[in-house]
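The values are calculated or read from the model by the stated rules, or taken from the named source; none is laboratory data. None of the values given here were measured: they were computed from a predicted structure. A quick note on method: Cβ atoms are made from the backbone with ideal geometry, for glycine too, and the neighbour counts reach across all protein chains shown.
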């Protein structure tokens, strides 16, 4: 289990992009959904592989790899604790990861632990 005091800025060695699903006007009265980087420049993270599983889905094997991303605690533009797993994804080295859970480590508003799954549609 990761504790708050075990994490330092020096342990954030990977640059990741946090993306939110956003509705954008199509200019004709409708809208389209796009993935938008938030923030645009990305954030530094500590990335660890969690575990991998394989299961049958639609009569074919599907693999699912879990990863743990640790980032600094963030607030959104309205001052609410940052992020929602249901409307977010992570881009890292050309691959996408879908957050399963986002936890404020030790409830200290210092670090976020994001458990994310690779291999599912984004």
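Details
Results for (1) under 24 Å from residue 109 (Cα atoms); (2) out of contact with any helix residue (DSSP H, G or I) (no Cβ under 8 Å at 6 or more places or on another chain); (3) surrounded by fewer than 16 Cβ atoms within 10 Å (Cβ to Cβ); (4) modelled with pLDDT of 65 or more, shown as yes or no for each residue.
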site	(1), (2), (3), (4)
38	yes, yes, no, yes
41	yes, yes, yes, yes
49	yes, yes, yes, yes
60	no, yes, yes, no
63	no, yes, yes, no
75	yes, yes, yes, yes
82	yes, yes, no, no
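- Subset tally (residues that are over 13 Å from residue 90 (Cβ atoms) and assigned to a strand (DSSP E or B)) for the stretch 16-43: 9
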